[in-house]
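The structure under discussion appears below in the form of structure tokens.
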Amino acid sequence: MTECKRYNMGENHYKWTMKVICYNHYRNYKYVLFDNDDGEYIGTNYVTPATANDLEVIIDSVAENPGRFENISDVFDYLQSLTYGSMFYMGNKIAPQLTDGVLMLAN
């Protein structure tokens, strides 16, 4: 099952849309965050349901303060500063991991 959320980010002339895809495969979850206009994306490896709940809270905290993020790199820098920061990686949309690329193309 795949769930997609869209968040309006930035402010003034730095407006952009962050898409968050949560992919559920049996008892594992994977997150992909991206902007259609940016060449990079943020992903996670498959995680357990308990960890997925924590990651969802962290991602929602990003959406609560959209004005402080001008692009997806700013979001990644913020995520890296948190406890679960090591769960996130940044990739290039030109050569994504296979599952990440499929999820981005499907939404």
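Derivation of every value follows stated rules applied to the coordinates shown; laboratory data play no part. Quick caveat: nothing in here was measured; it's all calculated off a predicted structure. Cβ sites come from the backbone with ideal geometry, for glycine too, and all protein chains shown count toward neighbours.
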Worksheet item: Give me the pairs: first residue in region 81-97 and under 13 Å from residue 33 (Cα atoms), second residue loosely packed, with under 15 Cβ neighbours inside 10 Å, beta-carbon distance under 6 Å, and six or more apart or on different chains, which are they?
Response: 93/39
Response to the item:
Inside region 81-106, the number of residues satisfying the requirement of being polar (S, T, N, Q) and exposed (fewer than 15 other Cβ atoms within 10 Å of the Cβ) is 4
Worksheet entry | Subset tally (residues that are touching a helix residue (DSSP H, G or I) at 6+ places or on another chain (Cβ under 8 Å) and closer than 14 Å to residue 59 by Cα) for region 6-16 | 3
Worksheet item: Name the residues in region 24-67 that are over 14 Å from the mean Cα position of the chain (by Cα), under 22 Å from residue 93 (Cα atoms) and assigned to a loop (DSSP other than H, G, I, E, B), would you?
Response: 37
Response to the item:
Subset of region 36-64, residues crowded, with 20+ Cβ neighbours inside 10 Å, within 16 Å of residue 105 (Cβ to Cβ) and not aromatic (Phe, Trp, Tyr), comes to 43
Worksheet item: residue 70 is checked against (1) in a loop (DSSP other than H, G, I, E, B); (2) exposed (fewer than 14 other Cβ atoms within 10 Å of the Cβ); (3) of a type in the set (D, E, K, R) and fails just one. What number does that condition carry?
Response: (2)
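Let's see how each residue does on (1) touching a Gly at 6+ places or on another chain (Cβ under 9 Å); (2) of a type in the set (A, V, I, L, M, F, W, C); (3) closer than 20 Å to residue 85 by Cβ:
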residue: 9; (1), (2), (3): yes, yes, yes
residue: 14; (1), (2), (3): yes, no, no
residue: 19; (1), (2), (3): no, no, no
residue: 37; (1), (2), (3): no, no, no
residue: 48; (1), (2), (3): no, no, yes
residue: 54; (1), (2), (3): no, no, yes
residue: 62; (1), (2), (3): no, yes, yes
Worksheet item: residue 19: basic (Lys, Arg), out of contact with any helix residue (DSSP H, G or I) (no Cβ under 6 Å at 6 or more places or on another chain) and under 18 Å from residue 103 (Cβ atoms), yes or no?
Response: yes
